[in-house]
Amino acid sequence: MNWAPRVKPIQIRRLYRYARIGIYDDMLIHDIGWELFARCSDIATVADVYREGRVPCPLCHTKITRKIDPLFSSGEGGTREDWFHCPHCTKRLLWRDCRQKLREVPRCFSCYDILKITDNLLCSCGKSWTQQAYNQSVRTRVRLPCPHCHNLVRRPPAPEHAWRIKVRQTNPELKCPKCQATAVHVSGNIQCSTCGYKRRWRDYRKSLKKKDEKLECTSCGHTFRWQAWRRSTGSLRTGNPKPAREFVKNWLRCYTPQQRMIQIDTLLQTLHGRGPLAPLFIDSGEKSIRQMLDDLAS
């Protein structure tokens with residue numbers, strides 16, 4: 001299936017450079033906007049597959065219902081991490097910035113000196129860690145040095161969400177993987193009364209995700225494999241397709257260059273606040289994209 005490409009960062013920089021001097025380049029806004037629209041549409045389409053279990057045909061886009069119900073959640077996910085400011089240098093941070101900086105330049109947790117990397121991580125104060133133990137400590141600590149001023153900052157509390165994620169209520173007919181008889185979901189296990197097969201429900205769900213399936217389109221007769229289709233969507237899968245859906249809905253209501261510029265800017269601001277989402281839309285690495293979005297926001 002041919003998916004829409006990501007937008008080039010140079011186009012976005014040019015768009016904002018013109019906007020700062022009051023020039024709305026209609027053609028540039030048109031090109032970037034429709035590229036983002038196509039990309040957002042693809043992201044929303046892929047998200048719908050995992051919510052509904054219906055796969056679009058690569059040729060005619062007719063939706064084909066999978067025989068294997070993956071039992072996924074139908075909720076719209078979201079990032080669990082918000083921006084916060086260092087209380088010492090007031091720099092804007094994500095908690096992962098603090099972790100990533102320590103992975104790139106390991107520092108002692110006591111004296112904050114840079115560690116010497118040998119077989120282990122050694123500090124001049126006498127402390128040492130294995131690489132595995134250090135990484136584990138970085139993951140679990142709630143106080144880490146700021147990547148800018150190196151003063152300790154506390155991990156911010158998780159953001160409170162007003163909505164609740166609704167789990168898709170499905171009662172599919174379960175088949176025993178061993179004898180193909182009807183199985184039941186009981187006490188966290190899948191059980192078959194015919195052959196005595198029993199397996200943990202969580203492991204069974206994981207096996208469904210990896211199981212291949214031949215799909216045939218009822219409209220054009222095209223056949224394809226589920227796993228091949230799934231691999232083609234690697235750069236489009238996200239647990240938070242909400243920004244893409246909103247852009248698709250709002251973009252079609254824009255008729256002037258100013259309205260379109262506002263929608264593009266709104267999407268980029270949303271991506272700026274949700275770091276991991278941006279590489280799905282913009283053709284660059286996460287660090288480069290964040291630097292670009294920081295520059296545009298300043």
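Worth pointing out:
- Largest GNM mean-square fluctuation among R99, R17, R199, using the chain with Cα springs under 10 Å: R199.
- Sequence-separation-based contact order of the chain, relative, with Cα cut under 8 Å and 6+ spacing, percent: 24 percent
- About the Cα centre, charge dipole magnitude for the stretch 84-154 (Lys/Arg +1, Asp/Glu -1 at Cβ), debye: 300 debye
- Inter-site label distance for V142 and K67 at 7 Å from Cα along Cβ, in nm: 5.1 nm
- Between the entries [x] 39, 33, 16; [y] 52, 22, 21; [z] 29, 21, 18, the label attached to semi-axes √(5λ) of the Cα gyration tensor in Å calculated for this structure is [x].
- With 0.36 nm allotted per residue and the present C-alpha distance subtracted, the K175-L252 stretch has 23.3 nm of extension available.
- Principal axes of the stretch 84-154: Cα extent on each, largest first, Å: 35, 20, 17
- In order along the stretch 101-110, the phi-based Karplus estimate (6.51 cos²θ - 1.76 cosθ + 1.60, θ = phi - 60°) of 3J(HN,Hα) comes to 5, 6, 6, 6, 10, x, 10, 5, 7, 9 Hz; Gly and Pro are listed as x.
- Label point at H222 placed 7 Å out along Cα→Cβ; residues across the stretch 35-59 whose backbone nitrogen lies under 12 Å: 56-59
- Eigenvalues of the alpha-carbon gyration tensor of the stretch 1-52, scaled by 5 and square-rooted, set the equivalent ellipsoid semi-axes at 29, 10, 9 angstrom, largest first.
- In this structure the amide hydrogen of C146, modeled in the peptide plane, comes within under 5 Å of the amide hydrogens of N151, L152, V153, none closer than 5 places in sequence on its chain.
- Loop sites here are GluC sites (Glu not before Pro) outside DSSP states H, G, I, E and B with no more than 16 other Cβ atoms within 10 Å. The longest part of the chain free of them is 214-298.
Bear in mind that the values in this text are calculations on the coordinates, not laboratory data. Predicted, not measured: the structure shown is a model, and the values here were computed from it. FYI the Cβ positions are ideal-geometry reconstructions off the backbone, even for glycines, and counts take in every protein chain you see.
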